[in-house]
1. Confirm whether GLN65 is more than 13 Å from the chain's Cα centre (by Cα), without any contact (Cβ under 8 Å) to a residue 60 or more places away in the chain and assigned to a helix (DSSP H, G or I).
2. Only one of SER44, SER32 is touching an Asp or Glu at 6+ places or on another chain (Cβ under 7 Å) and of a type in the set (Gly, Ala, Ser); which?
3. Just one of SER17, SER83 is surrounded by fewer than 11 Cβ atoms within 10 Å (Cβ to Cβ), outside the structural domain of LEU104 (by TED's automatic domain parsing) and not acidic (Asp, Glu); which is it?
4. Of everything in segment 52-80, what is closer than 23 Å to TRP101 by Cβ and either outside the structural domain of GLU100 (by TED's automatic domain parsing) or in contact with a Pro (Cβ under 7 Å, 6 or more places away or on another chain) (or both)? Give them in sequence order.
5. Any residue at all in segment 39-56 that's modelled with pLDDT of 80 or more and of a type outside the set (S, T, N, Q)?
6. Among PHE58, PHE90, which is the only one that is over 29 Å from GLN8 (Cα atoms), in a helix (DSSP H, G or I) and among the aromatic types (Phe, Trp, Tyr)?
Amino acid sequence: MRRYGRPQEIVTDRLPSYRAALRELGGADLQSTGRWLNNRAENSHLPLRRRERAMLRFRRMRSLQLFAAVHASVHNHFNQERSLSSRKIFKRNRAAALSEWRQLGASLSPPAAAN
């Protein structure tokens, strides 16, 4: 607020912690909590929500960290913005990503035991 000045409106959801923080900052009268006003903020948090849902399954922090590291690399490798390209280009990119992933998996797999 120091850098950009006093906002005209602050859109939040209805969590009481926001109201308390804004009251402390002197902006309690600026808070808007309409039903669909917070959509932009909520949609920007979707990747975090996806990771939070995955984290609920884990009991130990170490296993969660291992999963998150692998999940992030796999998700980044295969996640493509479908709406930004034609179906032909999308399928070609997905096939290339899958073949690269299979090559990587084959190079990391342990050698077969010889009888």
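1. yes
2. On the way: SER44 fails: touching an Asp or Glu at 6+ places or on another chain (Cβ under 7 Å).
Going through SER44, SER32 in turn, just one is touching an Asp or Glu at 6+ places or on another chain (Cβ under 7 Å) and of a type in the set (Gly, Ala, Ser): SER32.
3. Numbers: SER83 fails: outside the structural domain of LEU104 (by TED's automatic domain parsing).
Exactly one of SER17, SER83 is surrounded by fewer than 11 Cβ atoms within 10 Å (Cβ to Cβ), outside the structural domain of LEU104 (by TED's automatic domain parsing) and not acidic (Asp, Glu), namely SER17.
4. Residue satisfying the conditions is ALA54 alone.
5. No, there is no match, as no residue in segment 39-56 is modelled with pLDDT of 80 or more and of a type outside the set (S, T, N, Q).
6. PHE90
The values are calculated or read from the model by the stated rules, or taken from the named source; none is laboratory data. In this text, all values refer to a predicted model and were calculated from it rather than measured experimentally. Every residue, glycine among them, receives a Cβ derived from its backbone with ideal geometry; neighbour counts consider all protein chains shown.
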